[in-house]
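Beneath this line is the structure, given in structure tokens, with notes to follow.
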Amino acid sequence: MKSDNKKQGIKTTNQKTTLIENENREYAECVVLKPVGYPFEFNLMDDDFEIKNKELFEEYAREQWLGLVVRENSHLFDQKIIPDYGFEIVTAKPNNSIISENTKIKLITDELNAKKDNNLIRSNIRLHDIVGQTNAKNKVKVITKYLENPESFGPWAPKNILFYGLPGTGKTMLVKALANELEVPLYLIKATTLIGDHVGDGASKIHDLFKKASENAPSIIFIDEIDAIALHRSFQSLRGDVSEIVNSLLTEMDGISENKAVITIGATNNPTSLDYAVRSRFEEEIEFKLPDDNERLEIIKNNLKTMPLNYDLDLEKIVKLTKGLSGRDIKEKILKTALHNTIASDSEIITMKNIDYAINAIKIKNKDVKGMFE
Ligand SMILES: Nc1ncnc2c1ncn2[C@@H]1O[C@H](COP(=O)(O)OP(=O)(O)OP(=O)(O)O)[C@@H](O)[C@H]1O
Ligand SMILES: [Mg+2]
């Protein structure tokens, strides 16, 4: 929910954080805090910090910090506890904004340390960076609306969604953008990393992941490359560990109660290879398609914006030459190769000659790979 931008009366306090320097700042939509402890050791107090009621804490926090400027990586001090208890500002949306009566204040408890938690992802990709994939973006819109107001959906809440499609079409990119657009934590796990040395490792990682996500609901779990674990039953007998991980995944997916706002998104190149029980848990399968002519043009233009060299290119021609390639191929195999070829030939300008070089390189490579299986 967007906070309205009307400025209200600003409270001045003797806080150690920066006070308002100008009136033009926006009000904070959301602030995420992490308890960091007391500024010095104090024998009688124990550093543990336990919040029994998150809503009550939010009200208490807003009341004492109303009107303060929140800047990421700086601190807020709770002056009602003596000595002052410190909180690190992990996220302030927008950064350098002011806490208002409408600011949501979220607390990251010990277990969920945004900086240290490997599963918790943050990135600077935004939804508008993703070209095409309208169906997926529409679903993201629904998820966003739901997470803003989970109660309103009742039993009709989005729960489990499967993204599928050819490699390099934007599945992972979309989820990373989603993490940025939302104010909720997003836990990413690559299914390939679940297959560990010890039987039981993967199952316990899945359990921990779902536990963290439901404790911090509303939240999103993203299981990338889910085909790695969700092998078809007929292959699972070959891999005892995989079948254990699949069972754990099924148990956890079913264990999330109706009223818990935890959404699971899976991504795969090949949905038909998924275990049927796992696949049937996903209410919707959304296909990520290869970019059409207009989309390829947009992807090319967007990537050229960040090129370190100037260019003199026939974009329409590149669009034709890249037919059938994914967003990743266009970026990594065509534009990057063309750039490196330009640099290698001591030139300052990328031209169609460099693009042709990249196109030929990809053709040769594809021919070789095809040849291997013929
Ligand atoms: N639709 C798109 N719009 C813009 N860029 C894209 C798009 N699809 C892919 N790309 C580019 O390709 C890169 C790789 O995409 P991404 O990792 O999301 O693919 P993926 O679908 O997850 O592939 P895989 O199935 O191999 O995991 C992105 O970082 C981006 O640079
Ligand atoms: Mg991916």
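Scanning the stretch 170-185 for residues that are at pLDDT 85 or above and either among the basic types (K, R) or outside any helix (DSSP H, G or I) (or both) yields G170, K171. A single entry from L188, L249 fulfils the requirement of being modelled with pLDDT under 85, in the same structural domain as G170 (by TED's automatic domain parsing) and not charged (D, E, K, R): L188.
Matching residues to (1) in contact with an Asp or Glu (Cβ under 9 Å, 6 or more places away or on another chain); (2) within 30 Å of T272 (Cα to Cα); (3) assigned to a loop (DSSP other than H, G, I, E, B); (4) at pLDDT 95 or above:
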position	(1), (2), (3), (4)
P291	yes, yes, yes, yes
E295	no, yes, no, yes
I355	yes, no, no, yes
N366	no, yes, no, no
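Scan the stretch 139-182 for residues that are aliphatic (A, V, I, L, M) and within 15 Å of ligand 1 (Cβ to nearest atom) and jot them down. Hits for the stretch 139-182 are V140, I161, L162, L166, M173, L174, V175, A177, L178, A179.
Please go through the stretch 278-324 and give me each residue that is hydrophobic (A, V, I, L, M, F, W, C), touching a helix residue (DSSP H, G or I) at 6+ places or on another chain (Cβ under 7 Å) and more than 30 Å from A157 (Cβ to Cβ), ordered by number. Spell out the reasoning first.
Of the stretch 278-324, the ones hydrophobic (A, V, I, L, M, F, W, C) are 278, 282, 286, 288, 290, 297, 299-300, 304, 307, 309, 313, 315, 318-319, 321.
Next, from what is left, pick out any that are touching a helix residue (DSSP H, G or I) at 6+ places or on another chain (Cβ under 7 Å): 278, 286, 288, 297, 299-300, 307, 309, 313, 315, 318-319, 321.
L297, I299, I300, M307, L309, L313, L315, I318, V319, L321, listed by residue number.
Can you tell me which of (1) surrounded by fewer than 14 Cβ atoms within 10 Å (Cβ to Cβ); (2) away from ligand 1 (no atom under 13 Å from the Cβ) is the one K301 doesn't meet? Checking K301 against (1) surrounded by fewer than 14 Cβ atoms within 10 Å (Cβ to Cβ); (2) away from ligand 1 (no atom under 13 Å from the Cβ), the one that fails is (2).
Scanning the stretch 152-179 for residues that are out of contact with any helix residue (DSSP H, G or I) (no Cβ under 7 Å at 6 or more places or on another chain) and closer than 23 Å to K260 by Cβ yields S152, G154, P155, W156, K159, V175, A179. Could you list all residues from the stretch 304-328 that are assigned to a helix (DSSP H, G or I) and more than 12 Å from ligand 1 (Cβ to nearest atom)? Within the stretch 304-328, L304, L315, E316, K317, I318, V319, K320, L321 meet the criteria.
Scanning the stretch 141-171 for residues that are aliphatic (A, V, I, L, M) and within 16 Å of ligand 2 (Cβ to nearest atom), we see that the one that is surrounded by the fewest Cβ atoms within 10 Å (Cβ to Cβ) is L166. Across the stretch 126-138, the qualifying residues are those that are within 11 Å of ligand 1 (Cβ to nearest atom) and closer than 24 Å to K159 by Cβ, and the one among them that is surrounded by the fewest Cβ atoms within 10 Å (Cβ to Cβ) is T134.
The values are calculated or read from the model by the stated rules, or taken from the named source; none is laboratory data. Values in this document were obtained by computation on a predicted structure and should not be read as measured data. Neighbour counts are summed over all protein chains in view; Cβ atoms, including those assigned to glycine, are modelled from backbone coordinates with ideal geometry.
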